[in-house]
Amino acid sequence: MTALLEVRNVSRFFGGVKANLDVSFSVEQGIVLGLIGPNGAGKTTLFNCITGFYPPSRGEIFFEGQRINGFPPDKVCRLGMARTWQKVRPLAKLTVLDNAMVGALLRTGSVKEARELAHRQLQVVGLDAKASVLAGTLPIGERKKLEVARVLATRPRMILLDEVMGGLNARESEELLRIRIHSTKPAI
């Protein structure tokens with residue numbers, strides 16, 4: 001069986017700084033894997049390499065058996081890998097629904113279908129009652145939920161969660177842990 005994600009000897013350098021050095025691992029379908037390290041250890045940099053925001057300085061990255069080195073982030077997302085961000089920045093002047101629709105529009109050109117998919121994802125994360133609220137007015141816990149909804153709306157096969165609970169209190173963290181994600185292969 002081919003791993004869903006395979007990272008082979010990936011390194012990322014910024015001048016003389018080694019952000020990642022020969023990182024290798026694989027993730028099978030249905031597995032939850034945690035990447036642990038102190039601040040500055042290179043976790044976000046590795047996520048950026050995997051999702052196409054930075055090219056690895058060396059090494060290879062495969063997603064569903066396909067080498068994705070050099071693919072731009074939108075192509076990586078279209079293949080079915082999405083990520084959240086450590087620093088959540090919703091489109092502040094758009095509504096919560098419109099923010100989730102941004103993710104859904106990756107999969108459909110139909111605004112109606114995107115709206116329906118976005119509504120479903122807002123229900124999953126518990127923000128459906130706030131669909132018409134401006135995203136910039138949400139507190140951090142709800143912004144994190146919105147980030148997850150937007151990612152889910154892309155219908156990913158794999159999600160990389162970058163400190164998704166950072167800055168949250170115990171109740172907000174528990175709410176995020178209760179979100180049930182059901183994987184389906186996206187229609188590309």
Residue in region 107-121 that is out of contact with any helix residue (DSSP H, G or I) (no Cβ under 6 Å at 6 or more places or on another chain) and in contact (Cβ under 8 Å) with a residue 40 or more places away in the chain present: yes
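I need the full set of residues from region 80-94 which are surrounded by 19 or more Cβ atoms within 10 Å (Cβ to Cβ) and not small (Gly, Ala, Ser), in order please.
Applying the first criterion (surrounded by 19 or more Cβ atoms within 10 Å (Cβ to Cβ)) to region 80-94 yields 80-83, 88, 90.
Of everything in region 80-94, those that are surrounded by 19 or more Cβ atoms within 10 Å (Cβ to Cβ) and not small (Gly, Ala, Ser) turn out to be MET81, ARG83, VAL88, PRO90.
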Quick one: CYS49 ticks every box in (1) of a type outside the set (S, T, N, Q); (2) loosely packed, with under 15 Cβ neighbours inside 10 Å; (3) modelled with pLDDT of 95 or more except a single one, so which number is it? (2)
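Being at positive phi and either touching a strand residue (DSSP E or B) at 6+ places or on another chain (Cβ under 9 Å) or of a type outside the set (Ser, Thr, Tyr) (or both) narrows it down to one of GLY136, GLY167, GLY109, so name that one.
Among GLY136, GLY167, GLY109, only GLY167 is at positive phi and either touching a strand residue (DSSP E or B) at 6+ places or on another chain (Cβ under 9 Å) or of a type outside the set (Ser, Thr, Tyr) (or both).
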Of all residues in region 1-30 being within 17 Å of PHE63 (Cα to Cα) and loosely packed, with under 11 Cβ neighbours inside 10 Å, the one that is modelled with the lowest pLDDT: MET1
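Yes/no matrix, rows are residues, columns are (1) touching a residue at least 12 places away in the same chain (Cβ under 8 Å); (2) under 20 Å from THR2 (Cα atoms); (3) out of contact with any Cys (no Cβ under 9 Å at 6 or more places or on another chain); (4) in the same structural domain as ARG155 (by TED's automatic domain parsing):
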| position | (1), (2), (3), (4) |
| --- | --- |
| VAL27 | yes, yes, yes, no |
| GLY40 | no, no, yes, no |
| LEU46 | yes, no, yes, no |
| THR51 | yes, yes, no, no |
| ARG58 | yes, no, yes, no |
| ILE61 | yes, yes, no, no |
| GLY65 | yes, yes, yes, no |
| PRO72 | yes, no, yes, no |
| TRP85 | yes, no, yes, yes |
Test each condition in (1) modelled with pLDDT under 95; (2) part of a loop (DSSP other than H, G, I, E, B) for PHE71 and report the one that comes out false. (1)
Of the numbered conditions (1) part of a loop (DSSP other than H, G, I, E, B); (2) within 13 Å of the chain's Cα centre (by Cα), PRO38 satisfies every one except a single condition; which is it? (2)
I'd like to know if region 6-18 contains one or more residues that are acidic (Asp, Glu), out of contact with any Cys (no Cβ under 6 Å at 6 or more places or on another chain), part of a loop (DSSP other than H, G, I, E, B) and at negative phi. no
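The values are calculated or read from the model by the stated rules, or taken from the named source; none is laboratory data. Remember, predicted model here, so these are calculated numbers, not experimental data. Glycine gets a Cβ as well: all are built from the backbone with ideal geometry, and neighbour counts include every protein chain shown.
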